[in-house]
Amino acid sequence: DNFRAFNDVNGFRAGDRAIGLFADALRRHLGDGERHFLGHAGADDFVAVLQGGAPEAARAAAAAVLRDFAAATEGLHRPEDQAARSYEARDRYGAQAAASVRAQYGMEASLRRLEDAYAEAIASAGE
């Protein structure tokens with residue numbers, strides 16, 4: 001989340017580095033693609049289709065990706081933003097917004113939305 005704001009504040013080079021670090025974390029925790037499909041749809045949009053296994057294993061892998069990515073991106077922010085633990089930027093709609101320098105906050109919310117969507121799909125399939 002907040003990738004556009006991150007790019008606007010920290011520059012495209014830092015944005016490209018963040019995308020590469022996220023891809024590295026995906027490969028590290030989900031393998032080389034033999035059992036799972038990993039894709040980069042563009043910008044900050046990635047997809048991971050996991051074959052087999054329990055939802056708990058997928059959640060554990062996602063949490064490991066999250067931890068690695070958060071740790072790897074700590075140094076990509078400007079020093080003053082790291083000290084404040086946040087920065088001000090405009091969101092994709094042009095509104096002023098504050099973003100956390102901790103990547104994991106946005107990703108944790110994304111994981112919760114993903115789990116809700118999964119539960120809804122399972123419930124709908126049973127109807």
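The values are calculated or read from the model by the stated rules, or taken from the named source; none is laboratory data. A quick note: this is a predicted structure, and the numbers were derived from the prediction, not measured. Backbone-built Cβ (ideal geometry, glycine too); neighbour counts: all protein chains shown. These accessible areas exclude ligands, DNA and RNA; they are computed on the full protein's heavy atoms, side chains included. Shrake-Rupley method; radii C 1.70, N 1.55, O 1.52, S 1.80 Å.
Among the residues of segment 31-68, those that are more than 24 Å from F6 (Cβ to Cβ) and without any contact (Cβ under 8 Å) to a residue 12 or more places away in the chain comprise G31, D32, G33, E34, G53, A54, E56, A57, A58, A60. A search for C-beta distances below 7 Å between a residue of segment 1-26 that is in contact (Cβ under 8 Å) with a residue 40 or more places away in the chain and any residue that is β-branched (V, I, T), counting only pairs 6+ apart in sequence or on different chains, returns A18/T73; L21/T73; A25/V65.
When each of R35, R17, R28 is tested for being more than 26 Å from D116 (Cα to Cα), open to solvent by 50 Å² or more (accessible area, probe 1.4 Å) and over 13 Å from the mean Cα position of the chain (by Cα), the lone residue that passes is R17.
Scanning segment 42-61 for residues that are open to solvent by less than 50 Å² (accessible area, probe 1.4 Å) and over 25 Å from R13 (Cα atoms) gives A54, A58, A61. Take the conditions (1) crowded, with 18+ Cβ neighbours inside 10 Å; (2) modelled with pLDDT under 85; (3) among the hydroxyl-bearing types (S, T, Y); Y105 misses just one of them, which is (1).
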